[in-house]
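Here the structure comes first, spelled out in structure tokens, and everything after it is commentary.
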Amino acid sequence: MAALDRSINVNREESTVNPQYSVSGITVSINLDSLHAERVGSQSGTEQLFFDINAKLEEQKKDNNQVTLNFNLTISTKPNVVKYLTAGSVTMVGKADEIKRKLEINPKTKIPQILFTIYQHVFGAIYLLSSTLNTPYPPPDLLHPMAEKIQIIPQMPPQQSTVEETVVAAAPAVAESSPAASAA
């Protein structure tokens, strides 16, 4: 029997999936650099879990119509069952006043608007990790995002149609199961 030898050459630039979103008049690109999940305990069937989130946003580059931030998110449970850690960068391109608005802190939640978009992007990866580790996952609306229209910008030829997704505010029942998120 002959041995099968396959070589695959992958151009990193062509194989990178980097979705772009159109949010409130600006284009947002999010790159995940690290994603980690750790089961640190076990959950009894009767315990109610609460999710805490700690976020750090740090400006890396700022031009007239573009801002790049590094972010770190730590999501943990009480009681201590699982911990999720993510790090990456987010680039916003658009009018300076629109970018400034995205960086402003929401008076109701005390969280910068851009953090809602980052969390929505990261949530899918956390959900997959939680399924693999058989651990609880945080609610998709943990940060209680405000209703805003998010348009996913396709990486396809221009003749393709664009998919739109609307993020809706959290239902009151979910708010009872998770404490207020804190941004650091």
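Over the C-alpha atoms of region 25-156, the Rg to Rh ratio, Rh being the Kirkwood estimate, stands at 1.00. Cβ-Cβ distance of S44 and K108, R₀ of 30 Å, FRET efficiency by 1/(1 + (r/R0)^6): the value works out to about 0.30. Cross-link partners for K61 among the lysines, with Cα-Cα distance under 22 Å and sequence neighbours closer than 8 places in the same chain left out: K95, K100, K102.
Once the Cα-Cα distance is subtracted from the 0.36 nm per residue extended length, the K95 to T27 segment shows a gain of 23.5 nm. For K78, list the lysines whose Cα falls under 23 Å from its own Cα; do not include residues on the same chain fewer than 8 positions away. Here the lysines satisfying the reach criterion relative to K78 are K56, K110. Solvent-free Debye calculation, one equal scatterer per alpha-carbon of region 89-145: log10 I(q)/I(0) at 0.27 Å⁻¹ equals -1.07.
Please report L69, L142, L129 as a ranked list, fewest other C-beta atoms within 10 angstrom at the top and most at the bottom.
By the 10 Å Cβ count, ascending, the order reads L129, L69, L142.
Here, each number is a calculation from the coordinates, and none is a lab measurement. The structure presented is a predicted model; accordingly, all values stated were derived computationally and were not measured. Counting neighbours? That spans all protein chains shown, and the Cβs are built from the backbone with ideal geometry, glycine included.
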